[in-house]
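Accompanying notes for the structure given below.
The values are calculated or read from the model by the stated rules, or taken from the named source; none is laboratory data. The structure presented is a predicted model; accordingly, all values stated were derived computationally and were not measured. So basically every Cβ, Gly included, is an ideal-geometry build from the backbone, and we count neighbours across all protein chains shown. Areas reflect the complete protein model, heavy atoms only, side chains present, ligands, DNA and RNA absent. Shrake-Rupley method; radii C 1.70, N 1.55, O 1.52, S 1.80 Å.
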Amino acid sequence: MSFRVGYGHDLHRLQPGGVLMLGGVQVADGISPIAHSDGDVVIHALVDAILGALCEGDIGDAFPNSDPRWRGAASKLFLDEALRRMHAKGYHLANVDILILAEKPKLGSHKKTIAQNLESWLGLPAGSVNVKAGTNEGCDAIGRGEALAATVVVLLEKS
Ligand code: MG
């Protein structure tokens, strides 16, 4: 069997107004990331993890802002393209582990929903996507509620 591991990280600053999307799920309104697209840090970190496992650089290489196809694109489009590349190389996702760091909103009640939504988007059985949520204990920009971040690890398996 052939396996490849990938790691991704993303952070966005937050601003008043709009909606907050994490893993394709709206978890809050009245607060939103400062971003070109929907600023979904979970999807961005997931895309980076998949590209990393494929040894295809990072999300900025794959989807440059200078390319009109990707400017302001919804994060789901980036994910669909990363999955297309993964399948083209003959791999599928074995499992996904996600850590979200945010001081607010509290995410405990959304973890299961985000995991289930991603299992659906990724075509994976239940129990394949794990979502963890934590705060930054009041430290730095995340701790002050000025930003939020996500880290994702994926394991790809040769189909
Ligand atoms: Mg991002």
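Protein chains only, probe 1.4 Å: how do Asp48, Asp140 rank by accessible area, largest first?
Asp140, Asp48
May I ask for the net charge around Gly6, where only other residues with Cβ less than 10 Å from the Cβ of Gly6 are counted and Lys, Arg are +1 while Asp, Glu are -1?
Overall, the nearby charge balance is -1.
Checking the a/c ratio against 1.5 first, then a/b against b/c, what shape does the Cα gyration tensor give for region 41-100?
The shape class here is oblate.
With Cβ to Cβ distances under 11 Å as the rule, what net charge do the other residues near Ala141 carry (K, R +1; D, E -1)?
For residues surrounding Ala141, the net value is -1.
If I fit a long axis through the Cα atoms of helix 41-53 and take the longest principal axis of the Cα atoms of the chain, what angle between them do I get, 0 to 90°, rounded to 10?
Computed tilt is about 30 degrees.
In percent, how large is the relative contact order of the chain, given Cα pairs closer than 8 Å and 6 or more residues apart?
Details: 347 pairs, mean separation 54.4, N = 159.
Relative CO of the chain lands at 34 percent.
Using only Cα atoms, tell me the angle between helix 111-122 and the longest principal axis of the chain; keep it within 0 to 90° and round to the nearest 10.
30
What does the C-alpha gyration tensor say about the overall shape of region 15-148? Classify as rounded when a/c is under 1.5, otherwise prolate if a/b is larger than b/c, or oblate.
The shape class here is oblate.
Under the rule of -39500 (n - 2.57) per DSSP H run of 4 or more residues, summed and divided by the residues of the chain, what mean residue ellipticity at 222 nm is obtained, to the nearest 500 deg cm²/dmol?
-8500 deg cm²/dmol
Given Lys76/Lys112; Lys76/Lys106; Lys132/Lys158; Lys106/Lys132, which pairs have Cα atoms separated by over 21 Å?
Table pairs above 21 Å Cα-Cα are Lys76/Lys106; Lys132/Lys158.
Whenever you get a sec, compute what percent of the accessible area on the chain sits on carbon and sulfur atoms (1.4 Å probe). Before the final figure, lay out the partial values.
Numbers: 4070 of 7650 Å².
Result for the chain: 53 percent of the exposed heavy-atom area is carbon or sulfur.
With axes computed from alpha carbons, what is the tilt in degrees of helix 75-88 against the longest principal axis of the chain, rounded to the nearest 10 within 0 to 90?
20
Between region 1-21 and region 112-159, how far is it from one alpha carbon centroid to the other, in angstrom?
8
Could you pull out every one of the aspartates and glutamates with an alpha carbon less than 15 Å from that of Lys89, ignoring same-chain neighbours closer than 8 positions?
Glu56, Asp80, Glu81, Glu157
Shape verdict for region 1-75, please, from the Cα gyration tensor: rounded (a/c under 1.5), prolate (a/b greater than b/c) or oblate.
Verdict is oblate for region 1-75.
Given a 10 angstrom Cα cut-off, can you work out which residue in Ala149, Ala88, Ala45 is the most mobile in a GNM of the chain?
Among Ala149, Ala88, Ala45, the largest GNM mean-square fluctuation belongs to Ala88.
Give me the number: length gained by fully extending Lys112 to Asp58, i.e. 0.36 nm times residue separation minus the C-alpha to C-alpha distance, one decimal in nm. Don't jump to the answer; show the numbers that get you there.
Details: separation 54, 0.36 × 54 = 19.44 nm, distance 2.74 nm.
Contour length minus Cα-Cα distance gives 16.7 nm.
Net charge around Ala28, counting only other residues with Cβ within less than 10 Å of its Cβ (Lys, Arg = +1; Asp, Glu = -1)?
Combined, the nearby Lys, Arg, Asp and Glu give +1.
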